[in-house]
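The values are calculated or read from the model by the stated rules, or taken from the named source; none is laboratory data. Owing to the predicted nature of the structure, the values given are computational and were not obtained by experimental measurement. Please note: Cβ atoms are built from the backbone with ideal geometry, for glycine as well, and neighbour counts cover all protein chains shown. Note: areas computed on protein heavy atoms with side chains; ligands, DNA, RNA excluded. Shrake-Rupley method; radii C 1.70, N 1.55, O 1.52, S 1.80 Å.
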Amino acid sequence: MLYSYFPGCTMSTTGIEYAKSLRFVNKAIGMRFADIKGWNCCGASAAHAVSRELGVALPARNIALAEMQRPGVPIVVACAACYSRMKCAENAIHTDREKLRSLTGTNVSGDIPIVSILEAFSSVEVREAIASAITRTLSGLKVACYYGCLFARPSGTSHMDDPEDPTSMDELMALAGAEPVKWSFKTECCGGSHHIDLPAAAKPLSKNIFQNARANGAQAIVTACPMCMMNLDMREGEINRAFSENFNMPVYYFTELLALVMGANEKESGINRHFWPATKLISDSIAERGNL
Amino acid sequence: MIEVNLNEAALRAKECQELASRAGVTLSDCYQCGKCSAGCPMGGSMDKQPHQMLRLLQLGLYEETINASSPWICASCHVCACRCPHGINISELMEAVRQRAASSDICPVKDVRRFTKDFLIPVRWLGRSHEAIMSAFYNITSGHVFLNFSHIPQMLLSGKLGIVPEMSGDIDDVRALIERCEKEAEN
C-alpha cells in the first residue's frame, strides 16, 4: 500500500486538518503516501480557465516528478480539483506526449496510474485494514456523504464508481458506524472558486447542499475535498445570515471521522480546527465499539 | 429571439468550428434537448444557457459566443458533459471559449478574470498557490477590499493561514514551465 502522494497546496493551510487526520489514518492502517518531492501547484480553478497549455503542463510536471522518483508507483491525489487537473494532464500526455514533454521540460510518459484518495481507500486490502483498526463507533450518526464535482466528473476521466450516485465514501462511513443518509446533492457543485469572484451567484449552491442534507435527516456532512470543505464549513455562518437559516451542521473530512473511530482525539483528528463547531456532535455520538 | 444575418454568420462559422474542434466537439451532434442547461448549477446567473451557447456556435455567431458571460460564470463542474445524451463535452467547449476570449482580452465578467490572474501570482513566486496571498491581491485589484475578512481571526487561530508560505523545491523549473506555456499560447 504505497503511493506517490500529491497533497495539493491547501493541505498545509486551509486543509490542515485533512492532512493531520490522513496521517493518523494511514499510520493506523499501514498505508504509505510518500510526498512527490518538488511538487508544484496544479493550477486548479485558474490556470486551465484561461490557458490550455498551463492547465495541463503544471500538473504534468508533477506526474513527471512522480515517475522519476518512484517508477511504477501509482499517484494518489487528495484534493478533488487537483485530481481532476492531474487526470486532464494524463489525457493530454496520452494525446500529445511530445508537446507535454517540451512544455514541462521533462521526459513524462503518463504510464503510471493516477487515483483519487477515495479510490485508494476503496481497495479490499485497505477496507480490511480499516475494519481491523477501528476500535470505536459513531453510533449511527447520520451523515450526508458529499462527493462534489471533481472526484466524480468528468465521467470519462474519473474512475469514481458512479458519477451520479457514488458510494465509496458512504461505505467507509458505514464501516465507522455512521449511518449514511440517501440524499440528492451528493455530486452537486459547491460553487468552487466562484465563492470568491462571484459570491452572490455561488452562495445559493452551498446553501442548497446544507438544505438537502438537512431535509434528508443528516446531522453532518462528510467530504473528501478541501475546496468543498472551505465552501461549506467556513461559509456556514455567512450562509445562515444571508438566507436567514440555522443549519447548525458540522462538516467533516472522511479521514477525520475514520481517525476518530481509530482512537484519535479531537486534536489528532483536527476537528478542533473547524470554523463551524464540530467537536460536540462527535463527543455525543462516539462510543467504544463493545458498549452499544 | 435572435436575428441572424446568414451571410455574416457563414463568414464566422469557421472560427466557431475551430473552437468546437479545440474542445473535441462536433457541433451538429447537439439537438437542443436542453438537458445540460437543466442540470447547470450556475445557469441562473448566465446570460446564455449552456444549450444556447451551443446553438450560437451552430449558427456561426462567433461574436455573441465570445462575448457571452456564460463561460466565465461556468464553475467547470462538468454536469452538462456528464449528462449530455449525445456525449457532447460542453464544459470543455465552455473552457475553449473562455480561453479564446481571455487570449483576445475579452472578458465580460471582470472579477472572474481578475481572480484567475491573481491566483497565479503566488504560483509564479512560490510554485504553489496560497489562499491568503491570492485573496490579498484579489481584494485590492477587485476593489472588494473586505471580502472574506471576517474569516481571518479564525484562520489564524486554527493555523490555517499559512503565515510562512511553502515553496516548491525547484521554483526556477516551475517559472520556466510557465514561461514556455505563455510563449506557446502566444504563437
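Does A:His48 count as modelled with pLDDT under 95 and either under 29 Å from B:Ala75 (Cα atoms) or more than 9 Å from every other protein chain (Cβ to nearest Cβ) (or both)?
Working: modelled with pLDDT under 95: yes; either under 29 Å from B:Ala75 (Cα atoms) or more than 9 Å from every other protein chain (Cβ to nearest Cβ) (or both): yes.
In short, yes.
Based on what the data block shows, is A:Ala66 in contact (Cβ under 8 Å) with a residue 60 or more places away in the chain and touching a Gly at 6+ places or on another chain (Cβ under 8 Å)?
no
Among the listed residues B:Ser103, B:Ser76, B:Ser142, which satisfies the condition of being open to solvent by less than 50 Å² (accessible area, probe 1.4 Å), within 12 Å of chain A (Cβ to nearest Cβ), of a type in the set (S, T, N, Q) and farther than 22 Å from A:Arg153 by Cβ?
B:Ser142
Do we have any residue at all in the stretch A:166-182 that's over 30 Å from B:Ser142 (Cα atoms) and within 11 Å of another protein chain (Cβ to nearest Cβ)?
Step one: filter the stretch A:166-182 for residues over 30 Å from B:Ser142 (Cα atoms), giving A:166-182.
In the following step, the residues that additionally are within 11 Å of another protein chain (Cβ to nearest Cβ) were identified as none.
Taking every residue of the stretch A:166-182 in turn, none turns out to be over 30 Å from B:Ser142 (Cα atoms) and within 11 Å of another protein chain (Cβ to nearest Cβ).
For the stretch A:139-157, which residues satisfy the criterion of being surrounded by fewer than 24 Cβ atoms within 10 Å (Cβ to Cβ) and either at pLDDT below 90 or not polar (S, T, N, Q) (or both)?
A:Gly140, A:Leu141, A:Lys142, A:Pro154, A:Ser155, A:Gly156, A:Thr157
If a residue must be part of a strand (DSSP E or B) and open to solvent by less than 10 Å² (accessible area, probe 1.4 Å), how many such residues does the stretch A:100-134 contain? Spell out the reasoning first.
Here is the first cut: in the stretch A:100-134, the residues part of a strand (DSSP E or B) are A:114-116.
With the extra rule that they be open to solvent by less than 10 Å² (accessible area, probe 1.4 Å), the set shrinks to A:114, A:116.
Residues in the stretch A:100-134 being part of a strand (DSSP E or B) and open to solvent by less than 10 Å² (accessible area, probe 1.4 Å): 2 in total.
Looking only at the stretch B:107-118, decide whether some residue is more than 8 Å from every other protein chain (Cβ to nearest Cβ), open to solvent by 10 Å² or more (accessible area, probe 1.4 Å) and in a loop (DSSP other than H, G, I, E, B).
Yes: one or more hits.
Looking at the stretch B:149-185, which of the residues that are under 25 Å from the mean Cα position of the chain (by Cα) and more than 7 Å from chain A (Cβ to nearest Cβ) is farthest from A:Lys37 (Cα to Cα)?
B:Lys183
Is it the case that the stretch A:172-181 has a residue that's modelled with pLDDT of 95 or more, open to solvent by 40 Å² or more (accessible area, probe 1.4 Å) and either aliphatic (A, V, I, L, M) or assigned to a helix (DSSP H, G or I) (or both)?
Within the stretch A:172-181, one or more residues are modelled with pLDDT of 95 or more, open to solvent by 40 Å² or more (accessible area, probe 1.4 Å) and either aliphatic (A, V, I, L, M) or assigned to a helix (DSSP H, G or I) (or both).
Tell me, yes or no, whether the stretch B:83-97 has at least one residue that is in a helix (DSSP H, G or I), surrounded by fewer than 24 Cβ atoms within 10 Å (Cβ to Cβ) and over 15 Å from the mean Cα position of the chain (by Cα).
Yes, some residue in the stretch B:83-97 is in a helix (DSSP H, G or I), surrounded by fewer than 24 Cβ atoms within 10 Å (Cβ to Cβ) and over 15 Å from the mean Cα position of the chain (by Cα).
How many residues does the stretch A:238-292 contain that are of a type in the set (Ser, Thr, Tyr) and under 24 Å from A:Cys79 (Cα atoms)?
Adding up the residues that qualify gives 5.
In the stretch B:1-31, which residues are open to solvent by less than 60 Å² (accessible area, probe 1.4 Å) and either without any contact (Cβ under 8 Å) to a residue 24 or more places away in the chain or within 14 Å of chain A (Cβ to nearest Cβ) (or both)?
Scanning the stretch B:1-31 gives B:Leu19, B:Ala23, B:Val25.
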